[in-house]
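Worksheet for the structure shown next.
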Amino acid sequence: MKILDKYLLKTFLSTFFTVFIILFFIFILQSVWLFIAELAGKDLDLVMVLKFLLFAMPRIVPLVLPLSVLLASIMTFGDLAENYEFAAMKSAGISLQRAMKSLIIFIAILSVVAFSFANNVIPYAEYKFINFRRNIAQLKPALAIAEGQFSTVGLYSIKVNKKSGPNGNTLTGITIHKKSAMGDGNKTVIKAKNGELISSEQSNTLKMVLNDGYYYEDISPKKYEDRNRVPFAKSSFKRYVINIDLSKLNKVDVNDASITNTNTMLNVSELNYTLDSLHKNMKTDILSFSENINQRIGIQRSVKVVDPTVAPIKKHKALPGDLLSLYSNDKKLAILSFADSSVESSLLSITGTNTELENKQKNINGHILAFYDKFVIAFACFLMFFIGAPLGAIIRKGGLGLPIVFAVLIFISFHFINTFGKRISQENGLTPFLGAWMSSFILSPLAILLTYRATNDIGLINMDVVMAPFQKIFQKIFPPSK
């Protein structure tokens, strides 16, 4: 039996690692295509590009690993069934479960490794990846100006229609928004037909020379009613020079990491700690808001205890049902106006707080989903194996033909359901637990059914059961002749 286990394990591992490498390479190419705008034309050296790809690789593993297990299982067991090796095993008294024993042990080890990888390597790589992307833009701000979109460099937001020249330093169709020193928005707009970008890695200044343009600046008068009379100031120029101070930006270290607030960067223990803090913070906000709104509308939380030794206060005369009848018309109008403004203010406060609490709940849901994702990838390896192995034994086809079709269909279904469930739970449509595990719950019965049918030598579809109702109808319409 050890010889058989070694043979099956060797066959499966050779197929699995081959499929994994091919799929990993395909997904890496997809990542390069997605981030080509950040890599192309940035004058990055080979080491920085390799770092970029190295930090992007671990996030691909949760997609590649289950698909590799599924495809390798279908190909391996389909090839064994196609060559009648399973028939020889069964004739020798070896069941499908016994043949899968060594592979089940390997999948169990692989699941533990996948969980450890998702819990330790992926958060660290995500941490480095996000910070590395930010640092590239800050390290070379002169090259971070992209065509057709606004790029933030210091206090300026710059958009160019076209970049040309050997180093992309000749600009055409320039629009610049300058942030106000007071921090109250963009007060200055500069437009120019063309210009030149002059920068140096040794210099702390990014110099922009603009030609043939206009300079617009909003003027804020002291009196609000004067805004319509003095909307903005406008001037034209033949040549205009902007010097952007990059002393702080150029001190960026590409190995520096200061962004730490995304849930994908946390492991299980860190997620537990963060979730506990988020829940406490949300409860505190709810209590604080309830107390504030109660005080605003005059509801007292405390109940006064009546002292029996104190003489009771005499009851006043009952108030009329219509309290407004006690006041004059002017006072009635003032009271109603005050009540209307109070209600409107309370509703605005409730709406704003509700939106804030919903956003906090979405943040909590995202952290919970990140927590369950680390376990889902481990279970997905088991699930894909128990779908792929019996399916390959049933269809009896190896190679790269029919197994790829089945593997792609099953994995797309798994990935779509997983993404759909997480999106709904992120918006509070489902609990995060159900959203994260939805794909596993839906496909688990399929794995059980396929394992049962493969163990009992039942085909994928029993055509006799499908055709029996149609045969009965056909016999009733056209009865056999005696």
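For the stretch 31-127, give me every one of the helices (runs of 4 or more DSSP H) that falls completely inside it and has 1 or more residues that are within 26 Å of L13 (Cβ to Cβ) and modelled with pLDDT of 85 or more.
61-82, 101-116
So, of the residues in the stretch 194-204 that are closer than 16 Å to I176 by Cβ and modelled with pLDDT under 80, which turns out to be surrounded by the most Cβ atoms within 10 Å (Cβ to Cβ)?
Taking the candidates together, the pick is L197.
Check the stretch 357-366 and report whether any residue there is touching a helix residue (DSSP H, G or I) at 6+ places or on another chain (Cβ under 9 Å) and closer than 17 Å to F441 by Cα.
Checked the stretch 357-366: no residue is touching a helix residue (DSSP H, G or I) at 6+ places or on another chain (Cβ under 9 Å) and closer than 17 Å to F441 by Cα.
On the given criteria, is I461 of a type in the set (V, I, T), at pLDDT 80 or above and open to solvent by 60 Å² or more (accessible area, probe 1.4 Å)?
Against the criterion (of a type in the set (V, I, T), at pLDDT 80 or above and open to solvent by 60 Å² or more (accessible area, probe 1.4 Å)), I461 does not qualify.
Among the numbered criteria (1) at pLDDT 90 or above; (2) over 19 Å from the mean Cα position of the chain (by Cα), which single criterion is violated by M438?
The failed condition is (2).
Return yes or no: is I448 surrounded by fewer than 18 Cβ atoms within 10 Å (Cβ to Cβ), under 22 Å from D79 (Cβ atoms) and of a type in the set (A, V, I, L, M)?
When the stated conditions are applied, I448 does not pass them.
The values are calculated or read from the model by the stated rules, or taken from the named source; none is laboratory data. Remember, it's a predicted structure, so these values are computed and weren't measured experimentally. Ideal geometry is used to build each Cβ from the backbone, glycine not excepted, and the neighbour counts take in all protein chains shown. For accessibility, only protein heavy atoms count, side chains too; no ligands or nucleic acids. Shrake-Rupley method; radii C 1.70, N 1.55, O 1.52, S 1.80 Å.
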